[in-house]
Amino acid sequence: MNLPGAIDWKETVAPDEAERFERYASELRELQRKNARGGTPSRALHAKAHVGAFGELTVAPGLPEPLRVSLFAEQRTWPIYARFSNGSGRNQPDRTADIRGLALKLVGVPGRKLIPGLEDKLTQDFLFIQVPTVPFRTPDEFVSFVRIAAKGPGLLVPRLIGSLGLGRALSLLKGLATMPKVTSMATTPFYTALPLRFGATAAKLAVFPVGPTAVSPGTPASLRDDLDTRLRNGPLTWSLRAQLFVDERTTPIEDASVPWSEEISPFQELARLVLPQQDLTSARGTQLEGKIERMSFDPWHAVEELRPLGAMMRARAIAYRESVLERQAAPEPDEAVKLAG
Ligand code: HEM
């Protein structure tokens, strides 16, 4: 076995996948239209935002060589926008079990970007969910699940078995049932769950909360209320870390359902993410949240050195584009929020 940071990772692109991924993206767009019921469409997935906030990402001093990649090459601070969300394409109460998301957009990042037409933009995004690994092996399984779940909980199990076969349906249901329940978005780690290039090697990224976080007594009514209270009372801090590729068996690029062992490849700190104390309900907070809601967070808003890897990521390249066009998202920002004032 290689050491973490091996460079012999590779992608395997199926000859028919571009056409298949176009079909999946159209299917998600149809769900997005259906959920809009003739009104303004929200995101195809992660429709409900808890909070949109501003912050900073500061690269850790003295990073070892394999971690000094792209925007992590030097110790400096990047302004960021953050959006916390629920995974569903519908606006559901937070008590409904769901994926929870955290999307970050760094602004001012130089270098040629990957999406055709957006090469000169200054943004680099990272998207996270609350699980380190998804139960889906491929985008085909992911979209099958989204398609079936959208029909309602009624015949979920037989429909999944019919679509994926008994074995895959059961392991998928087990994976979903054992997903950690998120009671606060400020105290839970969030993971990219899928790999990206990391210079010469590949990596998965994650953010881990660094306490203590300010909170007032009482039970918050929603995930938004919890974040709102905490941010009103003080800053929130996370450690952004990378887990480096080892080899195809231990840390596969294409099969998204295989966990990358933290014993073999531990997460290593890259930077600190801080959302400073802020009032979401102030005039400035409300304006900022409106702006963030219209933004597009996409793992393909990236430089080549941090290119998303694997079939699930390649499917996302098309799906996010369709969703963003459908809801007429704002163009990429070229300026960050001014921290002072
Ligand atoms: C498994 C890893 C994944 C993670 C960590 C992830 C995370 C996220 C997050 C955090 C958002 C919300 C972004 C925001 O706040 O604007 C989002 C949106 C979205 N995701 Fe994913 N996602 C994953 C997989 C996928 C896959 C496989 C697909 C489809 C093939 C997909 C399709 C979408 C779409 C269409 C949106 C809405 C895009 C928009 O309109 O801005 N995601 N995802």
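Derivation of every value follows stated rules applied to the coordinates shown; laboratory data play no part. Computed from a predicted structure; not experimentally measured. Glycine also receives a Cβ, built like all others from the backbone with ideal geometry; neighbour counts cover every protein chain displayed.
Scattering from region 88-174 was approximated by placing one identical point on each alpha carbon and applying the Debye formula without solvent; log10 I(q)/I(0) at 0.19 1/Å stands at -0.95.
Shape class of region 288-341 from the alpha-carbon gyration tensor: oblate, with a/c at 1.5 or above and b/c at least as large as a/b. Given LYS174/LYS204; LYS105/LYS151; LYS34/LYS121; LYS151/LYS174; LYS151/LYS291; LYS151/LYS204, which pairs have Cα atoms separated by over 27 Å? Among LYS174/LYS204; LYS105/LYS151; LYS34/LYS121; LYS151/LYS174; LYS151/LYS291; LYS151/LYS204, the Cα-Cα distance tops 27 Å for LYS105/LYS151; LYS34/LYS121; LYS151/LYS291; LYS151/LYS204. Here the 3J(HN,Hα) profile of region 18-26, calculated from phi with Karplus coefficients 6.51, -1.76 and 1.60 at θ = phi - 60°, is 4, 5, 4, 5, 4, 5, 5, 5, 5 Hz, Gly and Pro shown as x. Here the contact order of the chain, divided by its residue count and restricted to Cα pairs under 8 Å and six or more residues apart, works out to 27 percent. Its alpha carbons considered, the chain gives a radius of gyration followed by a Dmax of 19.4, 58 Å.
Sequence gap at least 6, Cα distance under 8 Å: using those rules, report the relative contact order of region 208-341 to the nearest whole percent. Averaging sequence separation for qualifying contacts and normalising by length gives 21 percent for region 208-341.
Peptides 25-34, 152-161 ranked from most to least packed give 25-34, 152-161, packing being the mean of other C-beta atoms within 10 angstrom over each peptide's residues. Scaling the Cα radius of gyration of region 60-115 by the globular reference 2.2 N^0.38 Å produces a ratio of 1.63. Sparsely packed loop sites in region 298-341 (the trypsin sites (Lys or Arg not before Pro) outside DSSP H, G, I, E and B with at most 16 other Cβ atoms within 10 Å) comprise LYS338. Under the combined filter of DSSP loop state and at most 11 neighbouring Cβ atoms within 10 Å, region 200-265 retains these trypsin sites (Lys or Arg not before Pro): ARG249. Assuming charge only on the beta carbon of Lys and Arg (+1) and of Asp and Glu (-1), the dipole of the chain about its Cα centre is about 1080 debye to the nearest 20. Judged by the mean number of other Cβ atoms found within 10 Å, the most tightly packed of the peptides 124-130, 73-79 leads the ranking 124-130, 73-79.
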